[in-house]
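K.L.:
I am attaching a structure below and will ask some questions about it afterwards.
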Amino acid sequence: MSGFFALVRRDLRLGLRQGVDALVVVLFFLVAGALFPFAIGPEPERLSHLAGGIALTVAALAALLSLDRLYQTDYEDGSLDQLALSPLPLELLALAKALAHWLLTGLPLLIAAPILGLILRLPEAGYGPLLLSLALSTPILSLLGGLGAALVLGARRGGVLITFLILPLYVPVLVLGAAGLDAGLGVGGTDPWLVLGGLDIAALALTPWATAAALRGAQV
Amino acid sequence: MSLFQGNGLACWRGEIPVFEDLDFAADAGEALWLAGPNGSGKSSLLRLMAGLLEPVDGVIAWGGAPIAADREAHRARLRYLGHLDAVKPHLSVAENLRFWAEYWDAPHNTVAPALERVGLARLREAAGRRLSAGQRRRLALARLLLAPAALWLLDEPTAALDSDGIALFSELVAECRARGGIVVFSSHEVLALPDVRRLALEGIAA
């Protein structure tokens, strides 16, 4: 497993050293979220009712920002061949890349979420549910995003392709994440979080295999 | 039967046949030079040998067993140097090499001697993006020194190297062969390496 953690550390180091990825993701999350009060009006009732959907949607779009480079730079500089010829199975490689992506994008979004909550006039009782919804949703965004990044590897305009490929798969995550926040505010039960947790486990179990298959295909 | 051999190999890139019915063989301590014009399939053959590509036809075997039967064992015995250097521009020279040492579970104390050997010790803190093409190639060669491997597959290893770099490459090949390793490399240059078997690839005429 030393290779797994070495790859996570390398991607974190590269992400932090290149500097902008995590910052851009957070800024996009906050700025895009801040546009909604201008568009739909500043009334707290209306905003707080829509806050879950807005937060989950801008989180999904923010996570997409850096996805096209998840495997592309390794592919372009020859690192992917070296990674594929190493003892670490491609499935674990895919998991390591998704974990690094989540640490660089999902975790900063979680940290920034309370600020978006303030912007969207979220009631005090909504912050915990918002964080829980994002904590359960963002790992799926990274895992599915990794699959999309592997599928478009080597394709021209991969960044555009990945959007069309992955956004439809994000829909159940958005629906359940937003429903989870509603549940936290007393509208509905806690089932959405349970289903979302189930989706986390399913994505964790299935996407590394699919991503590894896509990476093998990209090397031909 | 040779330790490492391929029989009746055919390779296609998309709709284009690259070569057909190609054989090769190499034993411990031997070096095989893949020679041929652009597009004749040198890089494709190296990728087949590494298991990065599947042959359309034919079998590649190590010790009589097809490499496809145990990919993990084959990966563990080889080092591959592609025509790209796999150098990260935002990591330092030492960080680049240390990553591969960690990833391959090679001892950490091999990094400094490897950099010394390829002449990059004084640039250990320099960012990868500051290196010249020849220095990036030297850093790629340093990866070969992190842990001994039974099979080196090298795609244009001397590209961009100066005369000292080419001499260094010759030394590394000799040392690998002396350990009983097999070195397969492609090159457009005629390198001054002793006892090298030449495998000419002609490609398939359009």
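No value in this document is a laboratory result; all are computed from the given coordinates. Computed from a predicted model, the values in this text were never measured in an experiment. Note: ideal-geometry Cβ built from the backbone for every residue, glycine included; neighbour counts use all protein chains shown.
K.L.:
For chain B, place one equal point scatterer on every Cα, skip the solvent, and apply the Debye formula. What is log10 of I(q)/I(0) at q = 0.08, 0.13, 0.17, 0.19 Å⁻¹?
P.N.:
-0.27, -0.72, -1.18, -1.39
K.L.:
Taking the Cα-to-Cβ direction at B:A160 and at B:D27 and moving 7 Å from each Cα, how far apart do the two end points lie in nm?
P.N.:
3.8 nm
K.L.:
Enter the per residue convex hull volume of the stretch B:137-206, computed from alpha-carbon coordinates, in Å³ rounded to the nearest integer.
P.N.:
Here the figure is 109 Å³ per residue.
K.L.:
For A:R156, B:R177, B:R13, what's the fewest-to-most ordering of other Cβ within 10 Å of each Cβ?
P.N.:
Going from least to most buried by this count: A:R156, B:R13, B:R177.
K.L.:
So what are chain A's ellipsoid semi-axes, whole angstrom, largest first, if each one is the square root of 5 times an eigenvalue of the alpha-carbon gyration tensor?
P.N.:
Listed largest to smallest, the semi-axes of chain A are 32, 17, 15 Å.
K.L.:
For every helix of n ≥ 4 consecutive DSSP H residues, a contribution of -39,500 (n - 2.57) applies; sum these over chain A, divide by its total residues, and give [θ] at 222 nm rounded to the nearest 500 deg cm²/dmol.
P.N.:
-27000 deg cm²/dmol
K.L.:
What helices does chain A have that are whole DSSP H segments, at least 18 Å long along their own axis by Cα, and with mean Kyte-Doolittle hydropathy of -1.0 or more?
P.N.:
Counting only whole DSSP H runs, the qualifying helices are A:2-18, A:20-40, A:44-64, A:107-119, A:127-151, A:158-184, A:191-218.
K.L.:
So if I place +1 on the C-beta of Lys and Arg and -1 on the C-beta of Asp and Glu, and nothing else carries charge, what would the dipole magnitude of the protein assembly as shown be about its Cα centre? I want it in debye, nearest 20.
P.N.:
840 debye
K.L.:
Starting from the stretch B:145-206, pick out the GluC sites (Glu not before Pro) whose DSSP state is loop and whose Cβ has at most 14 other Cβ atoms within 10 Å.
P.N.:
Passing sites in the stretch B:145-206 are B:E189, B:E202.
K.L.:
Next up: Mind grabbing the base-10 log of I(q)/I(0) for the protein assembly as shown at q = 0.12, 0.14 Å⁻¹? Debye formula, identical points on the C-alpha positions, no solvent, two decimal places.
P.N.:
The Cα Debye sum returns log10 ratios of -0.96, -1.19.
K.L.:
Any chance you could tell me what percent of the C-alpha pair distances in the stretch A:122-161 go past 10 Å?
P.N.:
Beyond 10 Å sits 73 percent of the P(r) for the stretch A:122-161.
K.L.:
Charges at C-beta only: +1 for Lys and Arg, -1 for Asp and Glu. How large is the resulting dipole of the stretch B:94-206 about its Cα centre, in Debye rounded to 20? Don't skip to the end; give the middle numbers.
P.N.:
Details: 14 positive and 14 negative charges, 43 e Å.
With only Lys, Arg, Asp and Glu charged at Cβ, the dipole is about 200 debye.
K.L.:
While we're looking at this one, here's another question. Mind checking the log10 I(q)/I(0) for the stretch A:5-46 at q = 0.31 Å⁻¹? Debye, one equal scatterer per Cα, no solvent, two decimals.
P.N.:
Treating every Cα as an identical point scatterer, log10 I(q)/I(0) equals -0.96.
K.L.:
Continuing with the same structure: For the stretch A:35-101, taking Cα atoms only, what is the radius of gyration to one decimal and the Dmax to the nearest whole Å?
P.N.:
19.2, 57
K.L.:
Another question, then. If you take the charge dipole of chain B about its Cα centre, with +1 on Lys and Arg Cβ and -1 on Asp and Glu Cβ, which of B:V196, B:G41, B:N96 is farthest toward its positive end?
P.N.:
It is B:N96.
K.L.:
Helix B:163-178: angle to the longest alpha-carbon principal axis of chain B, degrees 0 to 90, nearest 10?
P.N.:
60 degrees
K.L.:
Report the FRET efficiency, 1/(1 + (r/R0)^6), for A:A205 and A:F5, where r is their Cβ-Cβ distance and R0 is 25 Å, rounded to 0.05.
P.N.:
Using R0 = 25 Å, I get an efficiency of 0.75.
K.L.:
Angle check, please: helix B:93-103 long axis (alpha carbons) against the longest principal axis of chain B (alpha carbons), in degrees 0 to 90, nearest 10.
P.N.:
Value to nearest ten degrees: 50.
K.L.:
Please compute the net charge surrounding B:L151, taking Lys and Arg as +1 and Asp and Glu as -1 over other residues with Cβ under 12 Å from its Cβ. Walk me through the numbers on the way to the answer.
P.N.:
Working: positive: B:R75, B:R77, B:R79, B:R177, B:R179; negative: B:D27, B:E30.
Neighbourhood net charge equals +3.
K.L.:
Moving on. Please arrange A:M1, B:M49 by counting, for each residue, the other beta carbons lying within 10 Å of its beta carbon, fewest first.
P.N.:
Working: A:M1 9, B:M49 27.
Sorted ascending by nearby Cβ count, the order is A:M1, B:M49.
K.L.:
Treat every Asp and Glu Cβ in chain B as -1 and every Lys and Arg Cβ as +1, leave all other atoms uncharged, and give the resulting dipole magnitude about the Cα centre to the nearest 20 debye.
P.N.:
Charge dipole, chain B, about its Cα centre: 780 debye, nearest 20.
K.L.:
Further question: Let's test this: bin the Cα-Cα distances of the stretch B:71-124 at 10 Å from zero up to the farthest pair and state each bin's percent.
P.N.:
P(r) for the stretch B:71-124, in whole percents per bin: 21, 51, 25, 3.
K.L.:
Short version: what are the Cα gyration tensor semi-axes of the stretch B:1-55, square root of 5 times each eigenvalue, largest first, in whole Å? Don't jump to the answer; show the numbers that get you there.
P.N.:
Values: eigenvalues 80, 30, 19 Å².
Value: 20, 12, 10 Å, ordered largest first.
K.L.:
Which of A:T163, A:T138 has the fewest other C-beta atoms within 10 Å, and how do the rest follow up to the most?
P.N.:
A:T163, A:T138
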